[in-house]
Amino acid sequence: MSTTIQTEIFNDLLKLGVDSGASDIVVKANKPGYLRISGRLRPVEMDPISNEHAQAFIDENVPRVFKPNWDRDGQVDFAYVADDVGRFRVNGFHQRGTVSVVFRHIKSQPPTFEDLKIDADILIKLAQSKDGILLVCGATGSGKSSTMAAMLNWVNQNLDKHIVSIEDPIEYTFSDAKSVFQQREIGIDVPDFAMAIKSVLRQNPDVILIGEMRDKETFETAISAAETGHLVFSTMHAATVAQSLTRLFEFFPPEQIAQARRQIAGTLRGFICQKLIPAMEGGGRFAAHEILVADATVRNLILEGHNDKIQQLLESSSDSGSKSFNKDLYRLIKDNKISKADGLRFSPNPAALEMNLKGIFFKS
């Protein structure tokens with residue numbers, strides 16, 4: 001298919017974004033493009049992109065199977081490849097009668113822990129779990145998809161597993177290494193999420209990737225898979241371990257909470273919650289983590305309904321690898337990777353972090 005003028009405009013903007021290290025490119029009709037670099041949105045010096053050009057880009061590039069979504073719902077998700085530039089996750093939508101498009105740059109190769117500057121020991125330990133549910137949590141743009149991809153990349157490179165992913169759309173693309181990796185894109189490889197979820201257990205997986213833990217049906221499928229010997233990776237929009245645990249129980253009506261406690265206690269292997277903090281020098285960002293490893297103590301707390309004691313456990317010393325955000329922020333500040341001001345700004349409990357920096361720590 002020949003490249004039209006409007007697609008060339010978008011491709012030039014996407015190339016500038018990739019060359020500038022932008023994670024996202026934002027297009028609003030009748031405005032210049034914007035690049036999100038190290039978490040900050042910056043305008044591009046260019047002519048405004050007209051609504052007609054934005055509309056034409058969607059019309060020309062949305063896969064045919066997703067065209068009814070755009071016509072019916074006024075929004076659409078799909079993957080787009082710009083020649084010699086890269087691959088992007090795209091969300092097109094209407095606002096105030098005009099078209100906007102947001103691109104998330106997806107690097108062609110899944111990242112390694114080294115690429116992400118992450119301390120990998122505990123993540124590797126969790127990725128080697130025989131079964132259960134591992135949830136990578138954080139706000140939009142916190143890098144949770146990259147962290148999960150790095151964990152699955154490690155599995156792919158080091159373990160002989162059959163991995164089946166259900167994604168909407170596919171983000172990172174994996175090539176088989178020691179593992180066999182099957183990636184199913186909603187709307188392209190399978191009609192809808194419900195059908196993909198229902199069929200995944202018949203596909204003989206060892207490891208299942210569910211792009212997002214979105215509802216009760218999805219979580220119940222994850223529990224069923226975990227209970228029958230599969231390891232399930234997924235993401236969830238939640239800022240902290242405490243919030244993540246609360247979100248899981250919100251999937252269930254009150255009369256099912258007791259059963260949910262038993263199932264979650266039995267299948268949960270860990271939460272990895274993530275925030276991206278601006279680096280003190282040289283630009284870029286460092287990931288700060290709050291990690292809950294579901295050892296015997298954690299399982300008992302969940303089973304007995306003592307979710308309120310989880311935070312206390314995270315703050316205290318733990319041989320399991322669990323740690324609070326403040327512990328990781330303290331480490332990043334002491335290592336001169338992030339500033340004290342940014343550490344306090346991103347901390348869920350800045351007063352406690354301030355005490356930690358003065359040498360005062362909670363003792364269990």
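Taking other C-beta atoms within 10 Å as the exposure proxy, Y34, Y80 rank Y34, Y80 from fewest upward. With springs only between Cα atoms under 10 Å, which of G321, G97, G343 fluctuates most in a Gaussian network model of the chain? Ranking G321, G97, G343 by mean-square fluctuation puts G97 first.
Exposure proxy shown here: for L123, L357, the number of other Cβ atoms within 10 Å sets the order, fewest to most, as L357, L123. With the helix formula -39500 (n - 2.57) applied to DSSP H stretches of n ≥ 4, the chain reaches a computed 222 nm mean residue ellipticity of -11000 deg cm²/dmol. Percent of Cα pairs in the chain per distance bin of 20 Å, from zero to the largest separation: 27, 56, 17, 0. Annotation: amide H-H contacts under 5 Å for S165 (H modelled 1.01 Å from N, sequence separation of 5 or more, or interchain): Q182, Q183, R184, L209.
Its residue count N fixes a reference of 2.2 N^0.38 Å for region 1-143, and the Cα radius of gyration divided by that reference is 1.21.
Of all DSSP bridge pairs formed entirely within the chain, close to 60 percent run antiparallel. In the frame of its principal axes, region 210-335 has Cα extents of 50, 30, 27 Å, reported largest first. The listed peptides 298-304, 6-12, ordered by packing as a protection proxy, come out as 6-12, 298-304 (highest mean of other Cβ atoms within 10 Å first). Put in line by how crowded their Cβ is, counting other Cβ atoms within 10 Å and starting with the fewest, H53, H162 read H162, H53. With point charges of +1 on the Cβ of Lys and Arg and -1 on the Cβ of Asp and Glu, referenced to the Cα centre of the chain, which listed residue (L353, G270, I122) lies farthest in the positive direction of the dipole? With unit charges placed on the Cβ atoms, the residue in question is L353. When the alpha carbon gyration tensor of region 121-257 is reduced to an equivalent ellipsoid, its three semi-axes come out at 22, 18, 15 angstrom, largest first. Of the residues E220, E255, E114, which exhibits the maximal mean-square fluctuation in a Gaussian network model of the chain defined by a 10 Å Cα contact cut-off? So, out of E220, E255, E114, the one fluctuating most is E255. Among complete DSSP H helices in the chain, those whose alpha-carbon atoms stretch at least 20 Å along the helix's long axis and whose mean Kyte-Doolittle hydropathy reaches -1.0 are 5-19, 144-158. Here's the picture: charge each Lys and Arg Cβ at +1 and each Asp and Glu Cβ at -1 in region 113-357, and of A239, L301, A225 the one pushed furthest to the positive end of that dipole is L301.
Can you tell which of E60, E212, E290 shows the greatest fluctuation in a Gaussian network model of the chain with Cα springs below 10 Å? Taking springs between Cα atoms under 10 Å, the residue moving most is E60. Taking every alpha-carbon pair under 8 Å whose residues sit at least 6 apart, region 113-357 reaches a relative contact order of 20 percent. Working note: Karplus 6.51/-1.76/1.60 with θ = phi - 60° gives region 32-39 the couplings x, x, 10, 10, 9, 10, 6, x Hz, where Gly and Pro are set to x.
Readers should treat all values here as calculations from the given coordinates under stated rules, not as data from a laboratory. Predicted model only: the values in this text are computed from it and were never measured. Positions of Cβ are backbone-derived with ideal geometry, glycine not excepted, and every protein chain shown enters the neighbour counts.
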